Structure formats: C-alpha cells, structure tokens
Amino acid sequence: TQLLEQSPQFLSIQEGENLTVYCNSSSVFSSLQWYRQEPGEGPVLLVTVVTGGEVKKLKRLTFQFGDARKDSSLHITAAQTGDTGLYLCAGILTGGGNKLTFGTGTQLKVEL
Amino acid sequence: DAGITQSPRHKVTETGTPVTLRCHQTENHRYMYWYRQDPGHGLRLIHYSYGVKDTDKGEVSDGYSVSRSKTEDFLLTLESATSSQTSVYFCAISVGSGSNTGELFFGEGSRLTVL
C-alpha cells in the first residue's frame, strides 16, 4: 500500500488549459514537498509546505497543503509545453525523522 | 547548487554478480540517501546515512548494503544482483536549512540492468 497516492496518474492536455494534481494520504505529515522530474534527470524540488492550510505560489503553479496536513494539491494555470514532466509529491511523516516518502507520481504531457 | 556525482551512469550486468554504485558529494552534507525508481512505484528509499559510518535501512533494503567511510562518498552495493533489481537508482542529499523539512537534491541517476 502506497502511503501517498497521487491522481491522476497520467494527464495529457493542450497548452493553455488549467490542471490540478492531487496527493492524498491517511497519515499526517510534518511537511510536504513537490518535485518535477524530466526524462534522464533526477527530481528537482519545486516547493515545500509545512503549515496546514498553507498556499504557495510559484509563477503559474499554486501549491496547497490540506488543513489536516494529510493531503496536498498542485494547480497549474495556463499550462505550457515546458510544464511537461513527472510531478512527485513527497512528505515527512510526523515523527518520521529525516526520511522522505514519495508519492506514485503524475506524468503530465502538455501539447501545442 | 549542491554537487552530486553518481557513477556509473549506466551499467549492464548478469544475475549473481556484485555491483557497486557510487555517490559523491562536494559540500559535506550530513544526510545522504539511495532511492530506486520503478514505474508505478515512484521513488522508494533503500538506505540512508546520517553521518560517517552511520546508516539505516529504508523501505526496500533487502538485497542491498551501503557504506559511508567518508562524508563525501556513499556507496550502494548489490551483493548478488537479481533481475528484480533492474532499476534507476538515485542518490540524494538533504539540503534543508536545519528545520528538518528534508528537502532533497538529487543526482542524475544510475540506470542498472540485470540480465
């Protein structure tokens, strides 16, 4: 059983559309991160959220941490082809030390 | 940017042979990690280290061992490789600001194929 479930698993959209990716768990996390990974490379950190209800914006990307710190979402406004990649959420369980648990990933493809 | 070098980047080996992957960092970060990435499973933690000679198991540690004799090097060894260990292996270091948010910086990965 995966601790962090992401949905959807795959997403193919046209440039200019909006989309939301979800990261859900039944466990409580002290912090949660989002990474983006491109083919042949390692994941790259986009954002960290640590407070329940927190919202962070990174240009066209909006990240939200659930009030109960069990879930998170990533919203992209007006997607561009450069947003194509694998999006991974990852969190540290409350009391989980320094070990990061990753979600299953969402593969996003943005086409012209 | 933290400097991480993984070697080899690609390796093909046969079942039953030992394999060692190396991760080298240049900035004396305390925490280092080995993950494997497989379709449908995301990234899964194999082993991690919190200092020289201090290591601990992750969620998929069976069949793997690690060593850290110097701060800058973290080695992952497959004692007797099996086809189920065909994967992409990522090394990572923790670059958080001390608040234990666990932010990771990853290497470029080592693709291992076990025939």
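The values are calculated or read from the model by the stated rules, or taken from the named source; none is laboratory data. Nothing here was measured: the structure is a model prediction, and the numbers come from that model. Here the Cβ is made from the backbone with ideal geometry for all residues, glycine too, and neighbour counts use every protein chain on show. The protein model used for the area step is the full one, side chains on, heavy atoms only, and it has no ligands, DNA or RNA in it. Shrake-Rupley method; radii C 1.70, N 1.55, O 1.52, S 1.80 Å.
The table that follows gives values for the structure above.
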read-out: Under the Karplus curve 6.51 cos²θ - 1.76 cosθ + 1.60, θ = phi - 60°, whole-Hz ³J(HN,Hα) for the range A:44-58, x wherever Gly or Pro sits; value: 10, 5, 9, 7, 10, 10, 10, 10, x, x, 5, 10, 10, 10, 10
read-out: Gyration tensor over alpha-carbon atoms, the range A:18-78, equivalent ellipsoid semi-axes in Å; value: 20, 14, 10
read-out: Zero-based 10 Å bins, Cα pair distances in the range A:5-111, whole percents; value: 16, 50, 29, 5, 0
read-out: Magnitude of the charge dipole, chain A, Cβ model with Lys/Arg +1 and Asp/Glu -1, debye to 20; value: 320
read-out: Of the GluC sites (Glu not before Pro) in the range A:1-88, those whose Cβ has at most 15 other Cβ within 10 Å and which sit in DSSP loop; value: A:Glu15, A:Glu17, A:Glu41
read-out: Carbon + sulfur, % of accessible area of the range A:5-111 - ligands and nucleic acids excluded, 1.4 Å; value: 49
read-out: Label-point gap, in nm, between B:Thr13 and A:Ser12 - each point 7 angstrom along Cα→Cβ; value: 3.7
read-out: Whichever lysines have a C-alpha closer than 22 Å to that of A:Lys56, once near sequence neighbours (fewer than 8 apart) are set aside; value: A:Lys70
read-out: Spread of Cα-to-Cα distances over 10 Å intervals beginning at zero, given as percent, for the range B:4-114; value: 15, 51, 29, 5, 0
read-out: Apportionment of accessible area to carbon and sulfur, the range B:4-114, percent (1.4 Å); value: 46
read-out: Calculated log₁₀ intensity ratio I(q)/I(0) where the Debye formula runs over C-alpha points of the protein assembly as shown, q = 0.09, 0.12 Å⁻¹; value: -0.37, -0.65
read-out: Where labels lie 7 Å past Cα in the beta-carbon direction, separation of B:Lys53 and A:Leu45 in nm; value: 3.0
